[in-house]
Amino acid sequence: MSAQILDGKATAAAIKSDLTVRVAALKEKGITPGLGTVLVGDDPASQKYVAGKHRDCAQVGLASIQRTLPATATQEEIEAVVRELNEDPACTGYIVQLPLPKGIDENRILELMDPAKDADGLHPTNLGRLVLNEPAPLPCTPNGIVTLLRAHGVEINGAEVVVVGRGVTIGRPMPLILTRRSENATVTQCHTGTRDLSAHLRNADIIVAAAGVPHLIKAEDVKPGAAVLDVGVSRNGEGKILGDVDPGVAEVAAWISPNPGGVGPMTRAQLLVNVVEAAERAAAAL
Ligand SMILES: Nc1nc2c(c(=O)[nH]1)N[C@@H](CN(C=O)c1ccc(C(=O)N[C@@H](CCC(=O)O)C(=O)O)cc1)CN2
């Protein structure tokens, strides 16, 4: 078997094309949504992701606001920027690029954000709304994964899903989204404390690999016909991305997301969706 590609680039392009029309409609009503980003430090990957987010904004017609602080920025300096964006009417939604430098209390920064402007869906209020099944912006990568699977007709309803990883951007929220009635999957969450990862993986119809361990998932761990989403990003000496999924998995799986070109572009597209949806809700309330 040679797996079919879960094409994140093409799916994200279709989403952005739809958003371009919706942003134009908002502008006709006098509303220009704007995405803010807060980038702290000089991590090349984070710089690249944030630059991509601003390129996307330009592409769909969103305004964008960039705040960049040095790696030496203090907790108080970062909090001051968050307070400023909370108050800035031009910024309808924003994100704080993660991870923040060592020594910064990331949770305190997230908690300080105005939940109404949380474009990442990572504010505790919005994560709580997800738990309560109330409307909220959804974390971008997990939501992007669901959208990617749906776009390719992969059955989620009733599927056995194994999520590998428990980080705040993917691992924690992914099961919350997949177990909603609208998705209706059964989810097992695995992590570094899991005793027999292979045993869980071999039972999965869908694997979401977000461990950050290069080539952790091998062909022999995967049930023939499964869909495998490679979310992990490690880099070799030349900066080339090494995903969590071994290339041999493509011979066993029915569906596989390339990395790059799979979940990454979907993360960015879903962020734009959150910003535009928030602006549409605000416009409807006028
Ligand atoms: N505040 C947040 N921080 C982080 C998030 C997040 O959702 N919110 N997720 C990741 C990084 N991320 C978004 O910020 C992200 C990761 C990857 C991509 C992407 O387009 N990747 C490309 C490859 C780019 C490359 O060559 O390096 C791809 O997969 O094709 C976009 C956004 C952690 N932080």
In segment 175-202, the residues that are among the hydrophobic types (A, V, I, L, M, F, W, C) and in contact with an Asp or Glu (Cβ under 6 Å, 6 or more places away or on another chain): 201
Those residues of segment 16-55 which are more than 16 Å from the ligand (Cβ to nearest atom), surrounded by fewer than 18 Cβ atoms within 10 Å (Cβ to Cβ) and not in a helix (DSSP H, G or I), in sequence order: 29, 30, 31, 32
When residues of segment 56-92 are limited to those that are polar (S, T, N, Q) and more than 28 Å from residue 16 (Cα to Cα), the one nearest to the ligand (Cβ to nearest atom): 75
Identity of the residue in segment 119-131, in contact with a strand residue (DSSP E or B) (Cβ under 7 Å, 6 or more places away or on another chain) and not in a helix (DSSP H, G or I), that ends up nearest to the ligand (Cβ to nearest atom): 120
All positions within segment 248-272 that are away from the ligand (no atom under 16 Å from the Cβ) and part of a helix (DSSP H, G or I): 248, 249, 250, 251
Qualifying residue in segment 130-142 (condition: more than 26 Å from residue 10 (Cα to Cα), of a type outside the set (Gly, Ala, Ser) and either in contact (Cβ under 8 Å) with a residue 60 or more places away in the chain or open to solvent by less than 50 Å² (accessible area, probe 1.4 Å) (or both)): yes
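Please tell me if residue 238 is surrounded by fewer than 20 Cβ atoms within 10 Å (Cβ to Cβ), acidic (Asp, Glu), within 16 Å of the ligand (Cβ to nearest atom) and more than 23 Å from residue 138 (Cβ to Cβ).
Yes: the conditions hold for residue 238.
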Failed condition for residue 275, given (1) modelled with pLDDT of 95 or more; (2) assigned to a loop (DSSP other than H, G, I, E, B): (2)
Failed item, numbered, when residue 109 is tested on (1) within 15 Å of the ligand (Cβ to nearest atom); (2) open to solvent by less than 40 Å² (accessible area, probe 1.4 Å); (3) under 22 Å from residue 175 (Cβ atoms): (3)
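The values are calculated or read from the model by the stated rules, or taken from the named source; none is laboratory data. Because the structure is a prediction, the values reported are computed rather than measured. Methodologically, a virtual Cβ is constructed for each residue, glycine included, from the backbone with ideal geometry; neighbour enumeration extends over all protein chains shown. To get the accessible areas, we keep the full protein, side chains included, count just its heavy atoms, and leave off ligands, DNA and RNA. Shrake-Rupley method; radii C 1.70, N 1.55, O 1.52, S 1.80 Å.
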